[in-house]
Amino acid sequence: MTQRNSGHMTSLLPDGIGIRMMRSSDMPQVRALHTKLLPVAYPTAFFVQLLIQPQRMCLIATYDGKVIAFASATMETRHSTPGPLGSSGDQIGGGALRVTLLTLGVSPEFRRQGIARRLVHEIVQRLRSSCGAPCHESPPAPSLSESDSTDAVIISAEVARNNSSGQSFYSHLGMQRQLEVDKQSGFGSKAHTCMVLGVMRTVPVS
């Protein structure tokens, strides 16, 4: 699997657009944008968990005081285990962190400006910096050597199989579609989804 030094590929944002953590006062706008952009109806509890659970996070992009994009994710750590994309002898380092993207969306009028890519990079880096929080076990992931695990993160996301633009976006981040885990979404959606998986390098967040 190709590993990209993604921590050094962070894109610049257009003037007037800022990225920050979601606050409780942002929830109505963030929830409304989820409803507008995604085919899944997320309950209020989902957004509350993003605020209060230490292993979860939601970043938003704003312009002129309005929420125009979002990325939410959760992090997990794991013990060494064989990776399905590596050789039979490869293993994941004991300190490897896995970040699962839960939701990602950008308002149509702000797309193709590097906002989604920046949100993904930032949320992975911020979760990596806060990985002292309690974490949980996760399913098998790509192979990663012990020496590489300190600054690399296993990143995964679920994307609809008919969402070619979404799969292309993740492909440009170095993430590969995992055919063996194609399934129907467990979030109540009728769309069939698949998992995309990759390895991202991280750099310290100041």
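Compute the length gained on full extension between THR35 and ILE52: take 0.36 nm times their separation in residues and subtract their Cα-Cα distance, giving the result in nm to one decimal. The partial results should precede the final answer.
Details: separation 17, 0.36 × 17 = 6.12 nm, distance 2.13 nm.
Stretched out fully, the THR35 to ILE52 stretch lengthens by 4.0 nm.
Compute the FRET efficiency between GLU109 and SER129 as 1/(1 + (r/R0)^6), taking r as their Cβ-Cβ distance and R0 = 30 Å, and round to the nearest 0.05.
Using R0 = 30 Å, I get an efficiency of 0.45.
Rounded to the nearest 0.05, what FRET efficiency do ASN163 and ASP64 give with R0 = 30 Å and r taken as the Cβ-Cβ distance? Could you check?
0.55
A short reminder: the numbers here are calculations on the coordinates, not readings from a lab. Just so it is clear, the structure is predicted and the values come from calculations on it, not from any experiment. Don't worry about glycine lacking a Cβ; one is built from the backbone with ideal geometry, like all the others, and counts go over all protein chains shown.
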